[in-house]
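The values are calculated or read from the model by the stated rules, or taken from the named source; none is laboratory data. Please read all numbers here as calculations on a predicted model, not as lab measurements. Heads up, the Cβs are rebuilt from the backbone with ideal geometry, glycines too, and the neighbour counts pull from every protein chain shown.
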Amino acid sequence: MVQYDKLDVGAKVIVKTKNSTYILEKDDDSRYDTYISGGYFERKYGRKFKVHINGCTYGGSILAIGKIEVDMILEAVIEESNRTFTTSRIKDVEVV
């Protein structure tokens, strides 16, 4: 489990899901703003996107804010489109 809101600016987190691998890079000290690359973003656009990490869920409506954990689904809002993005279930998470 990674407490994302407690990480320093510039910290990188590798999130491996059932379908993809994502890299999160904490952008500023606002706790939840980050850049995301890999997975869907790499396949479709070939670049990283700025997102706001909402947190993780087990698939229901309860959101664990600031937490990224195995067996949960990561939820974020893509800044430029204001669309919510969810991953498949997380298989591994690691701060690098």
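Below are the figures for this structure:
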{"item": "Matching residues, segment 44-70, being over 13 Å from the mean Cα position of the chain (by Cα) and either closer than 15 Å to Leu7 by Cβ or of a type outside the set (S, T, N, Q) (or both)", "result": "Lys44, Tyr45, Gly46, Arg47, Tyr58, Gly59, Gly60, Ile62, Leu63"}
{"item": "Residue satisfying condition, being crowded, with 19+ Cβ neighbours inside 10 Å and not acidic (Asp, Glu), within set Gly39, Gly10", "result": "Gly39"}
{"item": "Selection from segment 27-42 of residues that are out of contact with any Ser or Thr (no Cβ under 6 Å at 6 or more places or on another chain) and at pLDDT 90 or above", "result": "Thr34, Tyr35, Ile36, Ser37"}
{"item": "Residues within segment 71-90 that are within 13 Å of the chain's Cα centre (by Cα) and either over 19 Å from Phe49 (Cβ atoms) or small (Gly, Ala, Ser) (or both), tallied", "result": "4"}
{"item": "Single condition Tyr22 does not satisfy, out of (1) of a type in the set (Phe, Trp, Tyr); (2) at pLDDT 90 or above; (3) over 17 Å from Val96 (Cβ atoms); (4) surrounded by 15 or more Cβ atoms within 10 Å (Cβ to Cβ)", "result": "(3)"}
{"item": "Single match in Thr57, Thr17 (criterion: surrounded by 12 or more Cβ atoms within 10 Å (Cβ to Cβ) and touching a Lys or Arg at 6+ places or on another chain (Cβ under 7 Å))", "result": "Thr17"}
